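To keep things clear, I will list the structure first and then write my remarks on it.
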Amino acid sequence: MPFLDLEVRTARIVHGFDEANREIVECPAETDFTRKLIAVSRIQSISDQYLLVTGSHGRMMYWEYRGSLDEVEVRLATAGLTLE
């Protein structure tokens with residue numbers, strides 16, 4: 001299983017939806033980045049600012065990461081994990 005080594009901090013955790021179909025969102029006040037080895041299979045999408053990853057119990061998490069989207073894309077491509 002491939003892993004991606006990044007420094008991240010949690011920006012938002014989506015716990016599900018309420019009866020009106022609105023997201024139930026937690027916004028932790030994390031200020032420090034933490035180095036993580038992230039299973040590539042957990043990554044749903046990557047933007048300029050966030051990784052969207054799956055978590056336990058059906059949660060989705062938006063993690064801010066250090067670096068740029070271009071840097072992450074090159075690293076994934078070099079590992080053969082992207083399609084043209």
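A short reminder: the numbers here are calculations on the coordinates, not readings from a lab. Nothing here was measured: the structure is a model prediction, and the numbers come from that model.
Some points to look at:
- Max mean-square fluctuation residue, GNM over the chain, Cα-Cα springs under 10 Å, options GLU30, GLU71, GLU19: GLU19
- With all pairs of different C-alpha atoms in the average, the Kirkwood value for the hydrodynamic radius of the chain is 13.7 Å.
- Taking every alpha-carbon pair under 8 Å whose residues sit at least 6 apart, the chain reaches a relative contact order of 31 percent.
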